[in-house]
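Since the structure comes first, as structure tokens, the remarks are kept for the end.
The values are calculated or read from the model by the stated rules, or taken from the named source; none is laboratory data. Quantities reported herein were computed from a predicted structural model and do not represent experimental measurements. Counting neighbours? That spans all protein chains shown, and the Cβs are built from the backbone with ideal geometry, glycine included.
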Amino acid sequence: MSKRKADDSHMPIGESISQAQTLLRERLCHQRLPTRPEGVASQHKHLLELLKRTAVHGESNSVLIVGPRGSGKTMLLRCVLAELLTEADVQKTLLQVHLNGLLQTDDRIALKEITRQLSLENVVGDKVFGSFAENLAFLLEALKKGDRSSSRPVLFILDEFDLFAHHKNQTLLYNLLDVSQSAQTPVAVVGLTCRLDVLELLEKRVKSRFSHRQIHLLSSLTFSQYLQVVRAQLQLPDATFPDSKFCHDWNASVKALCEDKSVEEVLQRQFNSTKDFRSLHRLLMVSLCRVSASNPTIKPADLVDASRLFSADSKTNILHGLSILELCLIIAMKHLNDIYDREPFNLQMVYNEFKKFLQRKSHSMYNFDQPVVMKAFEHLQQLEVIRPVDVAATRAQREYQLVRLMLDHTQIMEALQKYPQCPTDIKQWADSAFA
């Protein structure tokens with residue numbers, strides 16, 4: 001091993017960088033699951049016991065995993081399933097059906113997906129069923145290997161569980177929970193949701209068939225643990241990476257990166273806004289793409305730029321590409337908002353405000369005819385910088401249709417600071433307290 005390391009220690013820098021990027025991209029894009037997620041040992045144990053009772057002992061169950069986005073609901077479930085499937089008997093018999101409320105938007109689509117995932121399309125064929133319940137009962141019956149005791153356990157995972165509550169009559173939820181309550185077929189129904197009030201969305205007949213088991217997840221991660229995760233995600237493995245010298249230098253640079261004050265500020269902002277590691281991975285991925293032969297490590301400036309890119313306001317960015325006339329109209333709207341306390345306004349009011357600005361100028365470089373102003377106003381409406389108050393009220397002349405500005409004071413002033421070669425008098429007009 002040491003001889004191989006010594007031979008490989010002088011690999012071309014480009015090749016080492018390419019290998020490092022490939023390894024880290026795989027790590028960031030296909031996050032490997034921890035054996036046990038930190039801080040959720042009791043929830044892990046509870047869920048594992050529940051699913052084991054279904055998979056091994058044929059006992060039906062239902063449970064909800066509730067927590068904010070990024071708190072680790074899916075990761076917890078996947079870790080439990082990975083541990084459960086290490087048992088040979090479970091691996092052979094347990095069937096899984098994954099449904100998502102964003103994709104299966106009604107019960108008909110959900111039933112087709114259940115049939116597909118259970119590979120029962122040929123069994124169903126052209127059969128016509130009187131109801132959803134009959135169809136589901138037929139599917140579960142088809143899974144039996146003969147007598148009732150040898151029924152294969154089925155795990156139904158309902159992601160975005162609250163969206164299934166909006167289906168007509170909640171038929172899918174009712175039938176799944178009804179089956180899980182009866183002893184006919186071993187079924188486990190696991191719902192994942194962000195909504196704490198999810199039970200209030202369920203009809204009485206559905207709620208009565210739910211076990212009322214809930215597993216709550218709240219992130220208890222500290223910032224120092226978050227920094228350790230960042231460092232672990234960016235470090236290269238000493239034992240297996242081919243170029244030992246590059247690996248040592250890279251890991252030293254990652255340690256220095258995580259101790260840098262500007263990087264710490266960026267990560268602190270990220271941590272305060274979301275503890276979701278998927279967002280962190282996107283941030284690190286952009287920084288990793290900056291690495292090249294001329295820039296062989298991730299620099300603090302790379303992470304700062306990546307953060308700025310992700311935190312950039314899309315509406316503020318739109319303003320950077322506007323013409324001077326369109327920018328003037330937005331400033332006129334800003335002043336109207338200040339004067340009339342964000343009441344809706346029309347093109348004529350904006351034009352009058354713009355003319356007040358022109359009258360204070362001795363030159364006429366911003367003097368535009370009204371049809372040109374109207375065209376610029378319509379362009380702002382197409383960009384959704386302004387929106388009509390009542391879309392249905394199209395009878396009024398265009399210059400008198402009421403609209404609202406969809407930007408606030410901060411966004412406008414930030415855009416003016418970054419606007420390329422913005423004239424000083426326009427900046428002063430925007431800054432003035434009175435139009």
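Just to be sure, is Val187 β-branched (Val, Ile, Thr), assigned by TED's automatic domain parsing to the domain that holds Leu94 and touching a Phe, Trp or Tyr at 6+ places or on another chain (Cβ under 9 Å)?
Values: β-branched (Val, Ile, Thr): yes; assigned by TED's automatic domain parsing to the domain that holds Leu94: yes; touching a Phe, Trp or Tyr at 6+ places or on another chain (Cβ under 9 Å): yes.
Criteria met by Val187.
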Output the number of residues of the range 321-374 satisfying the condition of being touching a residue at least 40 places away in the same chain (Cβ under 8 Å), among the acidic types (Asp, Glu) and out of contact with any strand residue (DSSP E or B) (no Cβ under 9 Å at 6 or more places or on another chain).
2
Inside the range 320-341, can you point out the residues that are among the charged types (D, E, K, R) and part of a helix (DSSP H, G or I)?
Glu326, Lys334, Asp338
Residues that are at pLDDT 90 or above, under 18 Å from Tyr174 (Cβ atoms) and surrounded by 14 or more Cβ atoms within 10 Å (Cβ to Cβ): does the range 92-99 have at least one?
yes
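One line per residue, one yes/no per condition, for (1) of a type outside the set (D, E, K, R); (2) at pLDDT below 90; (3) in a helix (DSSP H, G or I); (4) at negative phi:
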{"site": "Ala252", "(1), (2), (3), (4)": "yes, no, yes, yes"}
{"site": "Asn272", "(1), (2), (3), (4)": "yes, yes, yes, yes"}
{"site": "Arg278", "(1), (2), (3), (4)": "no, yes, yes, yes"}
{"site": "Met285", "(1), (2), (3), (4)": "yes, no, yes, yes"}
Search result, residues across the range 59-74 that are over 17 Å from Leu163 (Cβ atoms) and either part of a helix (DSSP H, G or I) or modelled with pLDDT under 85 (or both)
Gly70, Ser71, Gly72
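So that you can scan it fast, the table gives a plain yes or no per residue for (1) of a type in the set (Gly, Ala, Ser); (2) under 30 Å from Gln428 (Cβ atoms); (3) in contact with an Asp or Glu (Cβ under 9 Å, 6 or more places away or on another chain):
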residue: Ser244; (1), (2), (3): yes, no, yes
residue: Cys247; (1), (2), (3): no, no, yes
residue: Val263; (1), (2), (3): no, no, no
residue: Leu280; (1), (2), (3): no, no, no
residue: Asn295; (1), (2), (3): no, no, yes
residue: Phe310; (1), (2), (3): no, no, no
residue: Gly321; (1), (2), (3): yes, yes, no
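May I ask you to say which residue of Ser292, Ser287 is of a type in the set (Gly, Ala, Ser) and either buried (at least 16 other Cβ atoms within 10 Å of the Cβ) or under 16 Å from Phe310 (Cβ atoms) (or both)? I'd like the intermediate steps shown before the answer.
Working: Ser292 fails: either buried (at least 16 other Cβ atoms within 10 Å of the Cβ) or under 16 Å from Phe310 (Cβ atoms) (or both).
Checking each option against the conditions leaves just Ser287.
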Collect the residues in the range 295-319 that are outside any helix (DSSP H, G or I) and loosely packed, with under 13 Cβ neighbours inside 10 Å, keeping them in residue-number order.
Asn295, Ala312
If I go through the range 82-100 residue by residue, how many of them are without any contact (Cβ under 8 Å) to a residue 60 or more places away in the chain and under 17 Å from Leu47 (Cα atoms)?
7
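For the range 100-201, which fully contained helices (runs of 4 or more DSSP H) count at least 1 residues that are at pLDDT 90 or above?
On the way: elements: 107-117, 121-124, 132-142, 161-164, 171-181.
Answer list for the range 100-201: 107-117, 161-164, 171-181.
Taking Leu77, is it under 20 Å from Phe210 (Cβ atoms), touching a residue at least 60 places away in the same chain (Cβ under 8 Å) and part of a helix (DSSP H, G or I)? It would help to see each step written out before you state the result.
On the way: under 20 Å from Phe210 (Cβ atoms): yes; touching a residue at least 60 places away in the same chain (Cβ under 8 Å): yes; part of a helix (DSSP H, G or I): yes.
Yes.
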Reported set for the range 48-67 where residues are closer than 17 Å to His216 by Cα and of a type in the set (D, E, K, R) is Glu49
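Anything in the range 406-432 that is under 16 Å from Ile318 (Cβ atoms) and part of a loop (DSSP other than H, G, I, E, B)? List them, or say none.
Filtering the range 406-432 for residues under 16 Å from Ile318 (Cβ atoms) gives 406-408, 410-420, 422.
Result: Met406, Leu407, Asp408, Tyr419, Pro420, Cys422.
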Among the candidates Val389, Val373, Val403, residue that is β-branched (Val, Ile, Thr), closer than 21 Å to Ser314 by Cβ and at pLDDT 80 or above
Val403
